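First comes the structure, then the notes that go with it.
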Amino acid sequence: MQQTNVLEYLEHTVKRVPDKIAFANEKEGLTFGEVFHDSRAIGSWLYNHGYYNEPVVVFMEKHPKTIAAFFGCVYGGDYYVPIDAEMPAFRVELIFDNLKPQVMICDETTKELAQKFIKEGQEIKVLLYDEVTKTEIDEAALDKIRDRQLDTDPIYIVFTSGSTGVPKGV
(Lines give C-alpha, C1' and ligand atoms only; values in the text may rest on other atoms or scores of the structure.)
Protein backbone atom coordinates (compact mmCIF):
# COMPACT_ATOMS: atom_id res chain seq x y z
CA MET A 1 0.00 0.00 0.00
CA GLN A 2 1.39 3.37 -1.01
CA GLN A 3 1.78 5.96 1.72
CA THR A 4 1.92 9.63 0.91
CA ASN A 5 3.05 11.05 4.25
CA VAL A 6 4.66 10.17 7.58
CA LEU A 7 1.34 9.98 9.40
CA GLU A 8 0.04 7.38 6.97
CA TYR A 9 3.24 5.40 7.47
CA LEU A 10 2.68 5.40 11.23
CA GLU A 11 -1.02 4.55 10.91
CA HIS A 12 -0.41 1.62 8.57
CA THR A 13 2.47 0.32 10.63
CA VAL A 14 0.62 0.46 13.96
CA LYS A 15 -2.16 -1.69 12.47
CA ARG A 16 0.37 -4.40 11.54
CA VAL A 17 2.77 -4.34 14.49
CA PRO A 18 1.47 -2.21 17.38
CA ASP A 19 3.73 -3.87 19.96
CA LYS A 20 6.94 -3.70 17.94
CA ILE A 21 9.55 -1.21 19.12
CA ALA A 22 9.44 1.82 16.84
CA PHE A 23 12.18 3.94 18.38
CA ALA A 24 14.68 3.18 21.10
CA ASN A 25 17.77 4.50 22.81
CA GLU A 26 20.10 2.76 25.25
CA LYS A 27 17.58 3.03 28.10
CA GLU A 28 14.05 2.97 26.73
CA GLY A 29 11.95 2.26 23.68
CA LEU A 30 8.50 3.16 22.42
CA THR A 31 6.29 0.78 20.47
CA PHE A 32 4.41 1.86 17.38
CA GLY A 33 1.24 1.75 19.49
CA GLU A 34 2.75 4.09 22.09
CA VAL A 35 4.03 6.50 19.44
CA PHE A 36 0.62 6.43 17.76
CA HIS A 37 -1.23 7.16 21.01
CA ASP A 38 1.15 9.80 22.34
CA SER A 39 1.42 11.70 19.07
CA ARG A 40 -2.35 11.80 18.58
CA ALA A 41 -2.84 12.98 22.18
CA ILE A 42 -0.32 15.79 21.59
CA GLY A 43 -2.00 16.73 18.29
CA SER A 44 -5.41 16.80 19.97
CA TRP A 45 -4.13 19.04 22.78
CA LEU A 46 -2.44 21.47 20.40
CA TYR A 47 -5.42 21.84 18.12
CA ASN A 48 -8.00 22.07 20.90
CA HIS A 49 -5.98 24.82 22.59
CA GLY A 50 -5.85 26.96 19.45
CA TYR A 51 -2.41 26.05 18.10
CA TYR A 52 -2.81 25.33 14.41
CA ASN A 53 -0.29 26.03 11.64
CA GLU A 54 2.12 27.24 14.32
CA PRO A 55 5.76 26.51 15.08
CA VAL A 56 6.02 24.21 18.09
CA VAL A 57 9.42 24.09 19.75
CA VAL A 58 10.38 20.58 20.81
CA PHE A 59 13.02 21.12 23.48
CA MET A 60 13.71 17.61 24.72
CA GLU A 61 16.59 15.27 25.37
CA LYS A 62 17.45 12.87 22.56
CA HIS A 63 14.90 10.22 23.36
CA PRO A 64 12.26 8.11 21.56
CA LYS A 65 9.60 10.41 23.06
CA THR A 66 11.10 13.28 21.08
CA ILE A 67 10.11 11.58 17.83
CA ALA A 68 6.59 11.03 19.14
CA ALA A 69 6.46 14.76 19.96
CA PHE A 70 7.45 15.52 16.35
CA PHE A 71 4.60 13.32 15.09
CA GLY A 72 2.27 15.04 17.58
CA CYS A 73 3.02 18.44 16.11
CA VAL A 74 2.20 17.16 12.63
CA TYR A 75 -1.03 15.53 13.87
CA GLY A 76 -1.97 18.90 15.37
CA GLY A 77 -1.52 20.63 12.01
CA ASP A 78 1.58 22.41 13.24
CA TYR A 79 5.27 22.19 12.41
CA TYR A 80 7.95 21.26 14.89
CA VAL A 81 11.21 23.03 15.55
CA PRO A 82 13.77 20.81 17.27
CA ILE A 83 16.00 22.54 19.81
CA ASP A 84 18.91 20.63 21.27
CA ALA A 85 19.73 21.33 24.90
CA GLU A 86 23.42 21.23 23.92
CA MET A 87 23.10 24.19 21.53
CA PRO A 88 24.88 27.35 22.64
CA ALA A 89 22.49 29.63 24.53
CA PHE A 90 23.11 32.53 22.14
CA ARG A 91 22.00 30.39 19.18
CA VAL A 92 18.84 29.23 20.97
CA GLU A 93 18.00 32.84 21.86
CA LEU A 94 18.38 33.88 18.22
CA ILE A 95 16.11 31.05 17.11
CA PHE A 96 13.46 32.04 19.69
CA ASP A 97 13.72 35.69 18.62
CA ASN A 98 13.30 34.71 14.98
CA LEU A 99 10.59 32.12 15.55
CA LYS A 100 8.49 33.82 18.26
CA PRO A 101 6.93 30.50 19.31
CA GLN A 102 3.75 30.36 21.38
CA VAL A 103 4.12 26.78 22.59
CA MET A 104 6.96 24.44 23.53
CA ILE A 105 7.09 20.74 24.42
CA CYS A 106 9.71 19.75 27.00
CA ASP A 107 10.53 16.85 29.25
CA GLU A 108 11.41 16.92 32.94
CA THR A 109 15.14 17.17 32.20
CA THR A 110 14.85 20.15 29.83
CA LYS A 111 11.98 22.15 31.30
CA GLU A 112 14.07 24.37 33.57
CA LEU A 113 16.63 25.15 30.86
CA ALA A 114 13.93 25.79 28.25
CA GLN A 115 12.14 28.25 30.51
CA LYS A 116 15.33 30.32 30.77
CA PHE A 117 14.93 31.20 27.08
CA ILE A 118 11.52 32.76 27.64
CA LYS A 119 12.07 36.48 27.88
CA GLU A 120 10.05 38.82 30.03
CA GLY A 121 6.85 39.69 28.22
CA GLN A 122 6.87 36.56 26.07
CA GLU A 123 4.02 34.18 26.53
CA ILE A 124 5.12 30.69 25.62
CA LYS A 125 3.04 27.79 26.87
CA VAL A 126 5.39 25.08 28.16
CA LEU A 127 4.00 21.57 27.90
CA LEU A 128 5.50 18.57 29.61
CA TYR A 129 5.48 15.55 27.33
CA ASP A 130 4.39 13.15 30.06
CA GLU A 131 1.44 15.39 30.94
CA VAL A 132 0.22 16.36 27.48
CA THR A 133 0.22 12.72 26.33
CA LYS A 134 -2.52 12.04 28.90
CA THR A 135 -4.89 14.18 26.81
CA GLU A 136 -7.97 12.44 25.48
CA ILE A 137 -7.64 11.88 21.75
CA ASP A 138 -10.11 13.98 19.77
CA GLU A 139 -10.83 11.93 16.64
CA ALA A 140 -13.07 14.61 15.13
CA ALA A 141 -10.40 17.29 15.50
CA LEU A 142 -7.70 15.03 14.05
CA ASP A 143 -9.94 14.19 11.08
CA LYS A 144 -10.64 17.90 10.52
CA ILE A 145 -6.91 18.66 10.55
CA ARG A 146 -6.14 15.88 8.07
CA ASP A 147 -8.86 17.13 5.70
CA ARG A 148 -7.21 20.57 5.69
CA GLN A 149 -3.59 19.43 5.29
CA LEU A 150 -1.82 19.86 1.98
CA ASP A 151 1.25 18.02 0.77
CA THR A 152 3.07 21.37 0.67
CA ASP A 153 2.45 22.23 4.33
CA PRO A 154 5.67 22.36 6.34
CA ILE A 155 6.08 19.71 9.01
CA TYR A 156 9.33 21.00 10.52
CA ILE A 157 11.80 23.85 10.49
CA VAL A 158 15.48 23.45 11.21
CA PHE A 159 17.79 26.37 11.56
CA THR A 160 21.02 26.78 9.62
CA SER A 161 24.28 26.95 11.51
CA GLY A 162 24.23 30.71 11.56
CA SER A 163 27.58 31.07 9.85
CA THR A 164 26.46 34.52 8.72
CA GLY A 165 25.74 35.44 12.33
CA VAL A 166 22.00 34.77 12.31
CA PRO A 167 20.49 31.27 12.13
CA LYS A 168 17.88 30.98 9.40
CA GLY A 169 14.91 28.62 9.44
CA VAL A 170 14.60 26.30 6.46
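The values are calculated or read from the model by the stated rules, or taken from the named source; none is laboratory data. Source: prediction; values computed, not measured. Here the Cβ is made from the backbone with ideal geometry for all residues, glycine too, and neighbour counts use every protein chain on show. Each accessible area value is taken on the protein alone, full model and side chains, heavy atoms only, with ligands, DNA and RNA left out. Shrake-Rupley method; radii C 1.70, N 1.55, O 1.52, S 1.80 Å.
Summary table
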| quantity | calculated |
| --- | --- |
| Under DSSP loop assignment and at most 16 Cβ neighbours within 10 Å, longest trypsin sites (Lys or Arg not before Pro)-free interval of the chain | 63-115 |
| Among 68, 89, 41, residue whose mean-square fluctuation peaks in a GNM of the chain (springs only between Cα atoms under 10 Å) | 89 |
| Under the Karplus curve 6.51 cos²θ - 1.76 cosθ + 1.60, θ = phi - 60°, whole-Hz ³J(HN,Hα) for segment 71-86, x wherever Gly or Pro sits | 4, x, 4, 5, 4, x, x, 10, 10, 8, 10, x, 10, 8, 4, 8 |
| Positive-end residue of 160, 51, 7, charge dipole of the chain with Cβ unit charges | 160 |
| Listed residue pairs exceeding 25 Å between alpha carbons, taken from 20/65; 62/116; 27/125; 20/111; 65/134; 62/125 | 27/125; 20/111 |
| Cα-Cα separations in segment 41-111 greater than 16 Å, expressed as whole percent | 44 percent |
| Residue of 149, 102, 122 that the Gaussian network model of the chain assigns the largest fluctuation, springs spanning Cα pairs under 10 Å | 122 |
| Ranking by accessible area, most exposed first, for 19, 84 with a 1.4 Å probe | 19, 84 |
| Environment charge at residue 24 (Cβ cut-off 12 Å; Lys +1, Arg +1, Asp -1, Glu -1) | +1 |
| Highest-MSF residue in the chain out of 63, 49, 37 [GNM, Cα springs under 10 Å] | 49 |
| For residue 103, distant residues with modelled amide H under 5 Å away | 57, 125 |
| Size of the chain as Cα extents on the principal axes (Å, biggest first) | 46, 37, 30 |
| Helical contribution to [θ] at 222 nm, DSSP H n ≥ 4, -39,500 (n - 2.57), averaged over the chain, rounded to 500 | -12000 deg cm²/dmol |
| In Hz, Karplus ³J(HN,Hα) per residue of segment 117-133 (6.51, -1.76, 1.60; θ = phi - 60°; x = Gly, Pro) | 8, 8, 7, 4, x, 7, 10, 10, 6, 9, 9, 8, 3, 5, 8, 5, 6 |
| Net charge over other residues, Cβ less than 13 angstrom from the Cβ of residue 10 (K, R count +1; D, E count -1) | +1 |
| For segment 61-100, fraction of C-alpha pairs farther apart than 15 Å, in % | 49 percent |
